[in-house]
Amino acid sequence: MKKQRFAVFALAISLALPTIASNAADPVYPDGVPAPGRSCGDASGATVMDTISGKALICKSNGVQNIWLFADGSEIPAGVGGYKATPLPNDGIDEAFTAPEPPAKKNYQGLYHNDLAGLTRLTSVLLNFQPTDRSPTKVTSCTSLSDSACNGSGVLKYEAVLPACDSANPTNCISDVYATKADGTKVQGIIKGIFNNDNPQNFTGDSASGLPTGSEPTLVQFPGINHSAGDLYLVKPHMIGHRNQGESSWTTESFKVSIFAVKMVDGTFGFNQFSTDAANYQNNIGEAGGNGIGANTSAGCAAESKTQCAAMYPLPLDASFGVSIKFSKALVGWLHGRITKPTISLQNDTKGGALLTIDAKAIKTPTNAVWVTNEQMPQSLRDWYGNDHGGSILYQGANRDLFAPFSEIALLRDGNSQHNERTLSEYVQWLPLMGEKAQAMPTMWAVETMSQEGDPKSPIVNCINKQKNLAGLVTTNAAEYLDGPPVYTDGTLDYKVAATHFEKDGTTVFQGTYDLLMSSEVARCIYGFTKAPIKASISVTNETGGASIASTIINEANGWLTLGAYGFTFSNPTIRVKLTQDAPPAPVKAKLITITCVKGKSTKKVSAANPTCPSGYKKK
């Protein structure tokens, strides 16, 4: 069997729309019954009676999935569709922040930028797309490869939250988790089990083919590493992959791992399954939400079951957290994340697998949410979007046209799916509309694979492709950045970032962090360096071309080049790294010594650093 390497530069297939906060009344609908706003699967055109409102419901598509709508065209009140969730004790904490409703449900556009939304919203699933994942006619969920739902010639795709390592899961699992106090004391994590146990779409892996087990996040206790609500944490490694028809092994598309400070709250809660409605996957468009289980999902939960919520709290910033993940495939490519002061250890084994350990501190990252009327948007931004309706659309009345005029809808742009050239440009254009301040400053600890390869003609990409191990890690607390490796330009490694100038109080200047860990082999490949030590310098240039003051660290040890810049300010600076190496010293010419050699009547002179007479001759 030909082994496939862990390709860390592919795009994830699943997308999800942000949740809109609401204070509207939330009628209580029993679990599983038709309710306005709830999925109705493939029952398009069917009608039923809403047992609470007494109105007729009809199953229609909202452009993403089929849902129950009021047949008379009445607007669905915000928040209905399941049990009313229990109020959370962390309401008002930045980690629980969510986008507010628009001032009106028409003629508004907004941007919601919150990386936590992308870390918490996905669960495990193994889906069979038949006959292919391009406009499938049937989608089924499987509990294992031996499940009859996975038989046939379909394309299989998975989202897997990895479990802790044990005899049943010796690979693609958490092998170690720990924390380190500010004084250097290491605290071993105590695994308290997984959360939640309610997801019927969890699945059993298959070590023979490399399919990971799709489980749930792991609850870990760090005694003495306290946050504001205790010492319990949630660790969530998440892998995405697929297997095409006729293939025997799996392709890993992406990986991420995140850590949350949590407190378990009992009550009425809920979560979303992945949809098995083929209509939601036309033209290979994935989506993260399907049928809701229990109550409506709650902002502020790192994970939920029907009866509990892992409520999020700020991560301590004076401790570092470490996690080791064991993979069944070699780890190559580039990582990025929301951490600072990181260290990496990577051990590839003889069987083609890898053990990755990441140790780092959490950081605070700006979250932004802003609504403006279409008239308030600069013409340049309106031109930049054109007729792009991508995002979460709130409709006025019964109008469900995905391409309705912007004047007739409220459209919230989702700014937390990726970090690339487009999302960076989008964010920079919204900056003047944000009032140059964040709306929240949640803590984060997250690392994931990059979503873009970069320019294939670039020396850095060429060198990454030659590398058989992990090439590097770049992390920042900037709201927006490029998640790939730095851009190689005229001998420097350039990295662009963007964020609001102030924290949420509007007066505290937001200070940036940037950490770059690059394989020494990759660095030497880029510059054509020898094995001699590498020197480096870091500069930060603001958007007007001026220098931005920052403290820096530079070090090379254990096969890694470590660079960091801290304390620079925003809104849209460029971080520039210059690597150099002293030229090797010129060889010293040895002093020549001349001797005279004789053999009978023959005489020869020999010149060398250490001359000797030829055979048969004697030195005179």
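Since every read-out is calculated from the coordinates, none of them should be taken as a lab result. A quick note: this is a predicted structure, and the numbers were derived from the prediction, not measured. Cβ atoms come from the backbone with ideal geometry, glycine included; neighbour counts cover every protein chain shown.
Each of I344, C165, A117 was scored by the projection of its Cα onto the charge dipole of the chain, and the greatest displacement toward the positive side belongs to I344; charges sit on the C-beta of Lys, Arg, Asp and Glu. This ranking places L592, L88 by how few other beta-carbon atoms lie within 10 Å of each, fewest first, which gives L592, L88. Here's how it looks for C597: its modeled amide H is under 5 Å from those of K604, K605, V606, K620, which are all 5 or more places away or on a different chain. Farthest toward the positive end of the dipole of the chain, out of F195, N374, T132, is the Cα of T132, where the dipole comes from beta carbon charges about the Cα centre. With a threshold of 29 Å on the Cα-Cα distance, the over-threshold entries among K326/K535; K84/K106; K468/K535; K138/K326 are K326/K535; K138/K326.
First select every other residue whose beta carbon is under 9 angstrom from the beta carbon of S537; then total the charges, Lys and Arg +1, Asp and Glu -1.
Details: positive: K535, R576, K578; negative: none.
After counting each charged neighbour, the total is +3.
In sequence order, the range 164-172 has phi-based couplings of 6, 5, 7, 5, 7, 10, x, 8, 6 Hz under the Karplus curve 6.51 cos²θ - 1.76 cosθ + 1.60, θ = phi - 60°, and Gly or Pro positions carry x.
Starting from the range 130-189, pick out the trypsin sites (Lys or Arg not before Pro) whose DSSP state is loop and whose Cβ has at most 13 other Cβ atoms within 10 Å.
On the way: sites: R134, K138, K157, K181, K186; in loops: R134, K181.
Within the range 130-189, the qualifying trypsin sites (Lys or Arg not before Pro) (loop, at most 13 other Cβ atoms within 10 Å) are R134.
Per-residue ellipticity at 222 nm computed for the chain from its helices equals -1500 deg cm²/dmol, with DSSP H segments shorter than 4 residues left out and the rest contributing -39,500 (n - 2.57).
For the range 189-206, backbone phi angles converted through the Karplus equation (6.51, -1.76, 1.60; θ = phi - 60°) give residue-by-residue couplings of x, 9, 6, 9, x, 9, 8, 10, 9, 8, 6, x, 9, 4, 9, 8, x, 9 Hz, Gly and Pro being listed as x.
Kirkwood hydrodynamic radius of the chain from all distinct Cα pairs, in Å? Display every interim value, and only then the final one.
Values: mean 1/r = 0.0375 Å⁻¹.
Evaluated over the chain, this radius sits at 26.6 Å.
For the range 183-293, taking the reciprocal of the average inverse distance between every pair of different Cα atoms yields a Kirkwood hydrodynamic radius of 17.0 Å.
Counted by neighbouring Cβ atoms within 10 Å, the residues T47, T86 run from fewest to most as T47, T86.
After finding the eigenvalues of the alpha carbon gyration tensor for the range 408-519, what semi-axes result from the square roots of 5 times each, listed largest first in whole Å? Could the numbers behind the result be given before it?
Working: eigenvalues 168, 55, 35 Å².
Semi-axes, largest first: 29, 17, 13 Å.
Could you tell me whether the range 462-586 comes out rounded, prolate or oblate from its Cα gyration tensor? Rule is a ≥ b ≥ c as square roots of the eigenvalues, rounded for a/c under 1.5, then prolate if a/b exceeds b/c, otherwise oblate. Prolate, since a/c reaches 1.5 and a/b exceeds b/c. Taking a spot 7 Å from the Cα of S61 along the direction of its beta carbon, which residues of the range 113-137 have an amide N less than 15 Å from it? Residues 134-137 fall inside that zone.
A simple charge model with +1 on the Cβ of Lys and Arg, -1 on the Cβ of Asp and Glu and nothing else charged puts the dipole of the chain at about 4500 debye relative to its Cα centre. Among F570, F502, sorting on how many other beta-carbon atoms sit within 10 Å of each Cβ, with the fewest leading, yields F502, F570.
Proximity of backbone amide H atoms, modeled 1.01 Å from N, is registered between K138 and Q130 at under 5 Å, excluding neighbours fewer than 5 places apart on the same chain.
In this model, which of K361/K496; K186/K466; K192/K256; K157/K186; K341/K437; K60/K256 are farther than 27 Å apart at the alpha-carbon? The partial results should precede the final answer.
On the way: K361/K496 22 Å; K186/K466 36 Å; K192/K256 21 Å; K157/K186 38 Å; K341/K437 25 Å; K60/K256 35 Å.
Those over the limit are K186/K466; K157/K186; K60/K256.
In this structure, the amide hydrogen of T268, modeled 1.01 Å from its nitrogen in the peptide plane, lies closer than 5 angstrom to those of T86, counting only residues at least 5 positions away or on a different chain. Each 10 Å bin from 0 upward holds the following percent of the Cα-Cα pairs of the range 259-364: 13, 25, 28, 31, 5.
The stretch between I52 and V33, if pulled fully straight at 0.36 nm per residue, gains 5.8 nm over its current Cα-Cα span.
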